[in-house]
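Engineer: Structure below; questions to follow.
We did not get these values from a lab; they are worked out from the coordinates using the rules stated. Every value quoted in this text rests on a predicted model; they were computed, and no experiment measured them. As a convention, Cβ positions derive from the backbone with ideal geometry for all residues, glycine included, and neighbour counts pool all protein chains shown.
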């Protein structure tokens, strides 16, 4: 099994390209199921999760062709042969549930296994189910699968007020409603950039949607959607991760393709901690103002708040900050599994429920550590770049789900990092 070896070696300098958004691409890919005509995505990230989604779509009868070293995905769903998303594929990745809405809208039925993904807490499907029921579908849970069926004349417009602004449930509802008869309204909708990007793509395909990026989205159903070509938005989580590299290790790094609007709340916390972030012609330039960060408090919230997917990386940065930082995780209840691993490196962290108190230390020490999920894995790599000696991060198969060529990207800005066989 692969591991990542990191040697702390001082400041980082240079430019690092930021990939297309994993979470956006994984949402855009199932949109091909809504039309018989081709959908082509450019700026696609080269990740194992993208390969898993390709396998899932192909199992349904779609054609997926990867071009230009994986950065272009050409898809066609002109001849779907199945409406069942099998457990053996879906268990690998939670985003697999995003085939539910498109299949139900176009085929009138869908059988989707309950999903897998990172073990970061309960992420139930109840909001997805309620959304489909609001459009007239019947949904039953049997033997680990959701059996969803539309009325004989297809889905119909409906109103759904979500109890929680779920990103995935918003995406499933919007895609299903594009082909429903009449007008659909989703209230308390999630506002993430990935949803705005999905709507932009669906509009190119002929959908009639208003209100994306706000808490209320209105969809006027159409009879059919056509093909389109769409560029995947920049990955704001990869962006925030690489912005933290010079924050933790020192130096000055330009993140190519970055935009402040994608990570505004994150940038506000960096500024409070003593980090300069400035927009350039090509992206964002990041530099620490002083030798040590200042402690800051962080509360994770749905967009436009501080992203839960940057909490682990921010914790790694704050382990060597001056003072005491308090992090409160409000999205997932089991997302501090990286804390004990950081403590193996000398960090002082006290976790009580959804709150973690981090007392900054002057330095970390390299150690063998275990990646427990996707974001935890990269947080340990970042910590290793600031630690004295060598850090071995084990179980990095999580890493490859969400970060493309991480050794190459960090290596080009001066990090001593390599993939090794254990």
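Engineer: What FRET efficiency, computed as 1/(1 + (r/R0)^6) with R0 = 35 Å and r the Cβ-Cβ distance, is obtained for residue 78 and residue 416, rounded to the nearest 0.05?
Structural biologist: 0.10
Engineer: Which value in deg cm²/dmol, rounded to the nearest 500, describes the helix-derived mean residue ellipticity at 222 nm for the chain, given -39,500 (n - 2.57) per DSSP H run of n ≥ 4 and division by the residue count?
Structural biologist: Working: 14 runs with 124 residues, N = 422.
Calculated at 222 nm, the ellipticity per residue is -8000 deg cm²/dmol.
Engineer: Can you give the extra length, in nm with one decimal, that the chain gains between residue 352 and residue 147 once fully stretched, where that is 0.36 nm per residue apart less the Cα-Cα distance?
Structural biologist: 69.9 nm
Engineer: In addition: Note down the relative contact order for the chain as a percent, whole number, built from C-alpha pairs under 8 angstrom at least six residues apart.
Structural biologist: 21 percent
Engineer: Let me ask something else. Specify whether the C-alpha gyration tensor of the range 2-50 places it in the rounded, prolate or oblate class, a ≥ b ≥ c being the square roots of the eigenvalues: rounded for a/c under 1.5, otherwise prolate if a/b is larger than b/c and oblate if not.
Structural biologist: In terms of gyration-tensor shape, prolate.
Engineer: Right, another one. GNM on the chain, C-alpha springs below 10 Å: top fluctuator among 32, 229, 391?
Structural biologist: Most flexible of the set in this elastic network: 229.
Engineer: On to the next question. What percent of all Cα-Cα pairs in the range 147-279 falls into each 5 Å bin, going from 0 up to the bin containing the maximum distance?
Structural biologist: 2, 9, 17, 17, 14, 12, 10, 8, 6, 4, 2, 0, 0
Engineer: Rounded, prolate or oblate: which fits the range 119-181 when a ≥ b ≥ c are the square roots of the eigenvalues of the alpha-carbon gyration tensor, with rounded for a/c under 1.5 and prolate only if a/b beats b/c?
Structural biologist: Working: a/c = 2.38, a/b = 1.34, b/c = 1.78.
Verdict is oblate for the range 119-181.
Engineer: Turning to a different aspect of this structure: Quick check for you: which residues of the range 374-415 have the amide N under 18 Å from the point 7 Å beyond the Cα of residue 362 toward its beta carbon?
Structural biologist: Under 18 Å, as judged by backbone N against the label point of residue 362, lie 386-389 of the range 374-415.
Engineer: Related question: Note the full-extension length gain between residue 261 and residue 1 as 0.36 nm times their separation in residues minus their Cα-Cα distance, in nm to one decimal.
Structural biologist: 89.8 nm
Engineer: Sticking with this one: Against the longest principal axis of the chain, how steep is helix 48-59, in degrees 0 to 90 to the nearest 10, with axes from Cα atoms?
Structural biologist: Here the helix axis deviates by roughly 10 degrees.
Engineer: In terms of the Cα gyration tensor, with a ≥ b ≥ c the square roots of its eigenvalues, is the range 22-231 rounded because a/c is under 1.5, prolate because a/b exceeds b/c, or oblate?
Structural biologist: Here the range 22-231 falls in the rounded category.
Engineer: Still on this structure, please answer the following. Using only the Cα atoms, work out Rg/Rh for the range 12-129, with Rh taken as the Kirkwood radius, to two decimals. Before the final figure, lay out each step's value.
Structural biologist: Values: Rg = 14.8 Å, Rh = 14.8 Å.
Using Cα coordinates only, the ratio equals 1.00.
Engineer: In the P(r) worked out for the chain, what percent of Cα pairs fall beyond 26 Å?
Structural biologist: Values: 47557 of 88831 pairs.
Every Cα pair in the chain considered, those over 26 Å come to 54 percent.
Engineer: Within the range 326-353, list the residues whose amide N lies under 18 Å from a label point set 7 Å along Cα→Cβ of residue 188.
Structural biologist: Those under the cut-off are 330-333.
Engineer: Let me ask you something else. Can you compute the modelled spin-label distance between residue 330 and residue 36, with each label point 7 Å from Cα toward Cβ, in nm?
Structural biologist: Between residue 330 and residue 36, the label points sit 4.8 nm apart.
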